[in-house]
Amino acid sequence: MGQTVVVMAKPEISFPSPEEELNYGVKTLLEAGFSIKQIDRIRNEVGVGNGKIPYNKETVGHRRHMTAELLAASLSNRQIANVLNLSKETVSTDRNEIRKLYTEEILKSADVHRARLLKEQMELKNIAMNSFQESRIKRIVTTSSSREADEESSIIRTETIAGDSSFLNVAKNCLVEQAKLLGLHGLHPQPEDKKDYKSFLDDLAKTVGDIKEREANAGAIEASPMASAAVEEESAVAEEA
């Protein structure tokens, strides 16, 4: 039988010594704008335990910011823990929080983008509808009705010719895009359950049959105590005789 070999994932960057690993991490943080004092404070001063300064909102923010910078520099959780003098569990918690905040920002950006697109589609639809109304042509038509006493009477009426239908197509497309942005485009009406007349009669006959069967069973149940009583009465009479 072959032996199963478990290969552990290696960090993207390996260092020949812990010192070089630390130097790489500190250099990354300095380039990100942190000072030596801020780095030393996270490494040695704040934390949980005897002689440590409890974390506050500012120091937790600095720690997570540093974790994000070291992640971007391709360090593993273990390497980040070594650079910042933290436990791997703390680094893992910070990574999860960073991922959560990143996801929230992405969703906010998506919502803003969706709202902007909706506004643009609504404005374009309104322009298309106004343009359609303006493209409708009104004309005055005069017709002669009759001639009496050398005088001709006329009828004047106003007709409206349909506008340019291309504007309506633009408005329709805008509505479709709005439905997509709102998540309504994929909704489909439920198909109606249409049955032919024969199926309706078959269902009706089955229902009537079920009702008659239940009534017959109920009558048999009600009659059975009466029959038992009659049998008992006959037996009593026979014993007396």
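The values are calculated or read from the model by the stated rules, or taken from the named source; none is laboratory data. Computed from a predicted structure; not experimentally measured. Every residue, glycine among them, receives a Cβ derived from its backbone with ideal geometry; neighbour counts consider all protein chains shown. When the accessible area is computed, the model is the full protein with side chains, heavy atoms only, and any ligands, DNA or RNA have been set aside. Shrake-Rupley method; radii C 1.70, N 1.55, O 1.52, S 1.80 Å.
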Practice task
Return the distance in nm (one decimal) between the two label points of a simple spin-label model at Lys206 and Ile137, each offset 7 Å from Cα along Cα→Cβ.
Solution key: 6.3
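Give me the percent of accessible area attributable to carbon and sulfur for segment 17-132, probe 1.4 angstrom.
Numbers: 3980 of 7340 Å².
Exposed carbon and sulfur together represent 54 percent of the surface.
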Handout entry: Accessible area (Å², 1.4 Å probe, nearest 10) - His113
Key = 90
Handout entry: Residues in segment 24-42 reached by a label modelled at Tyr55 [backbone nitrogen below 14 Å; 7 Å Cα→Cβ]
Key = 42
